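Written out below as structure tokens is the structure these notes cover.
Values in this text are rule-based calculations from the coordinates and carry no lab data. Because the structure is a prediction, the values reported are computed rather than measured. As a convention, Cβ positions derive from the backbone with ideal geometry for all residues, glycine included, and neighbour counts pool all protein chains shown.
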Amino acid sequence: MPTPEKSKSLESWIWDAACSIRGAKDAPKYKDYILPLIFTKRLCDVFDDELNRISKEVGSRKKAFQLVKADHKLVRFYLPLVPDDPEQPVWSVIRKLSDKIGEGVTTHMRAIARENPLLQGIIDRVDFNATTHGQRDLDDDRLSNLIEAISTKRLGLDDVEADIIGKSYEYLIRKFAEGSGQSAGEFYTPPEVGTIMSRVLAPEPGMTVYDPCCGSGGLLVKLETAMEEKVGAKKPAPLKLFGQEYIPETWAMANMNMIIHDMEGQIEIGDTFKNPKFRDKGGKLRTFDRVIANPMWNQDWFTETDYDADELGRFPAGAGFPGKSSADWGWVQHMHASLNDKGRAAVVLDTGAASRGSGNAGTNKEKTVRQWFVDHDLIESVLYLPENLFYNTTAPGIVLFLNKAKPKARQAKVFLVNASQVFEKGDPKNYIPDDGIQRLADTLIGWKEEEKLSRIVDHAELKKNDYNISPSRYIHTSDAETYRPIAEIVEELKVIEAEARETDKALQQILKQLGI
């Protein structure tokens, strides 16, 4: 088993390679070039290992090249890169490019994709020769530096285990997230949050798992890792991984992340809200054993028309729609509809999703949906996270856990955990340390009540508090804390203002029709 030092050195190398273009500050801008190149280096080195294995049986690498060209099934991915000297590494075809390097790399990437349908749209979508206003986006000198930096370490089967290269690849994605600011939330969830979610969901070998907005695929990877750690068997039946992602570049990132972790998943591209791709033969929504997600918070571009157009039964009449100002509970409704009868889910939401509308006069669409989930006893637990974990916001966020088959002892109750103080200061973001991850996972799994951390709250108390399910409402972390966090109150005010604008707009239209 590789030592932590080897893993760390690989992470250092992979980041140094990324920084070889224009330093750490600019590296995230070039992630769409860097990630496919490192991915291709792994493919080349593994292909070399497979060629060497075959050559031992047939006598030479030249014969091995001929055999795999005739029968691609002999290798996982067939790479049509043949060095002049068959004894040379396959990667040398790319490394030795000296003229029109961007054009050459693009040509080779597209050739690899043509031979491997699984890689089409994943490594051939980037043009390494692209220009903007006549200026190369990544000139040949910098591209050459990047190729040379990547060439300094071998990523073959005997050099690094899939788990180690996978973790290092995830590390690179995290480093890109650190420098990507607001856009990072589109493709990255802090690993400690994903680890807690995965351990609590406790998937079992062979289960189907699904992420409707999978970003770079990190949460699906975390589920597989959690299952393997829990089972401990040498080779448990892998999870069946399914994901959908809207942004093409991020979809490609998710596919590369799966393959480099040596995991097989089906990642579809498209808008899950308007056109979920996973359906059964009758066209109904496919259901899964586990669903996990971190959708973009407070999406406001889904209208009542979008909800009304749904023909998949995702938004039951009794619950209604969450309103235009935030689709948070709309995502929860989609995830609930994607669970089988014994399914469980975990979703990261904006903190305000737990409390918006509670205590307000009149009705609130979000609160109505939240009440439906409480009354149908689907919410198992809610985890209130520390502040400044996520790359696109300093807000804390919550994790909502659903269970369609709650044990009898837990029925008509919800387990609340206020983890606002369980973190370490970091730069640029805070983080939950390993012992904190284990503590929170154990607490959530065992429903362990602990002063200033966790409480079991029955539905009667939730109803008394107008279906506010925020842990911070019920668990105060210090004697002096008697008020809800300002972030929650601000979010509620935003929703109230948005609803007031909608009501005013509707009133104005009615008055106009009446000629007043």
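Grab the Cα-Cα distance for GLU450 and SER478, subtract it from 0.36 nm times how many residues apart they are, and report the gain in nm with one decimal.
In short, 8.8 nm is gained.
Report, by chain and number, residues whose modeled amide H sits under 5 Å from the one on ASN388, excluding near sequence neighbours (fewer than 5 apart, same chain).
Under 5 Å from the amide H of ASN388 lie the amide H atoms of ALA395, each far enough along the sequence or on another chain.
So for the pair ASP435, LYS505, with labels modelled 7 Å out along Cα→Cβ, what separation do we get in nm?
It is 5.2 nm.
Any idea what the alpha-carbon Rg over 2.2 N^0.38 Å comes to for the stretch 181-487?
Rg over 2.2 N^0.38 Å, computed on Cα atoms: 0.94.
Full-extension gain between ASP71 and LEU157, please, as 0.36 nm times their residue separation minus the C-alpha to C-alpha distance.
28.8 nm
Compute the orientation-averaged projected area for the stretch 128-225 from the convex hull of its Cα atoms and round it to one decimal in nm².
With the hull built on Cα positions only, its mean projection is 9.2 nm².
Provide, as a two-decimal number, the C-alpha radius of gyration of the stretch 70-113 over 2.2 N^0.38 Å, N being how many residues it has.
Taking N as the residue count of the stretch 70-113, the ratio is 1.23.
So, R0 is 60 Å and r is the distance between the beta-carbons of GLU461 and GLU148; what FRET efficiency does that work out to, to 0.05?
0.40
Report the label-to-label distance for LYS63 and GLU178 in nanometres (one decimal), using points 7 Å from each Cα along the Cα→Cβ vector.
Between LYS63 and GLU178, the label points sit 5.0 nm apart.
Kindly express, to the nearest 10 degrees and within the range 0 to 90, the angle between helix 365-375's C-alpha long axis and the longest C-alpha principal axis of the chain.
90
Grab the beta carbon distance between ASP139 and GLU229, set R0 = 56 Å, and tell me the FRET efficiency rounded to 0.05.
Efficiency computed from Cβ-Cβ geometry: 0.80.
Could you put LYS367, LYS29 in order, starting from the residue whose Cβ has the fewest other Cβ atoms within 10 Å?
Ascending Cβ contact count within 10 Å gives the list LYS29, LYS367.
Against the longest alpha carbon principal axis of the chain, how many degrees, from 0 to 90 and to the nearest 10, is the axis of helix 328-337 turned?
Relative to the chain, helix 328-337 is tipped by roughly 70 degrees.
How big is the antiparallel share of DSSP beta bridges in the chain, given as a percent to the nearest 5?
Roughly 50 percent of the DSSP beta bridges within the chain come out antiparallel.
Could you check how many percent of all C-alpha pairs in the stretch 28-153 are farther apart than 21 Å?
Value for the stretch 28-153 (Cα pairs over 21 Å): 40 percent.
What are the semi-axes of the equivalent ellipsoid of the stretch 277-428, taken as the square roots of 5 times the eigenvalues of the Cα gyration tensor, listed largest first and rounded to whole Å?
Sorted largest first and rounded, they come to 25, 19, 17 Å.
Neighbour counts of other C-beta atoms within 10 Å: give me ILE260, ILE164, ILE516 arranged from fewest to most.
ILE516, ILE164, ILE260
Hey, with R₀ at 35 Å, roughly what FRET efficiency would ASP16 and GLU87 work out to, going by the Cβ-Cβ distance, to 0.05?
0.75
Could you pull the Rg and Dmax for the chain, using just the Cα atoms, both in Å?
Final numbers for Rg and Dmax: 25.2, 93 Å.
Give me PHE288, PHE176 sorted ascending by neighbouring Cβ count inside 10 Å, so fewest comes first.
Going from least to most buried by this count: PHE288, PHE176.
Would you calculate the separation in nanometres between label points at ASP308 and ASP377, each defined as 7 Å from the Cα along the Cα-to-beta-carbon direction?
Between ASP308 and ASP377, the simple spin-label model gives 3.6 nm.
Could you tell me the largest-minus-smallest coordinate of the C-alpha atoms of the stretch 221-316 on each of the three principal axes, in descending order and whole angstroms?
Per principal axis, max minus min of the Cα coordinates gives 50, 29, 25 Å.
Going down the list LYS367/LYS425; LYS175/LYS324; LYS167/LYS277; LYS277/LYS413; LYS277/LYS342; LYS25/LYS277, which pairs span over 27 Å between their C-alpha atoms?
Beyond 27 Å: LYS367/LYS425; LYS175/LYS324; LYS167/LYS277; LYS277/LYS413; LYS25/LYS277.
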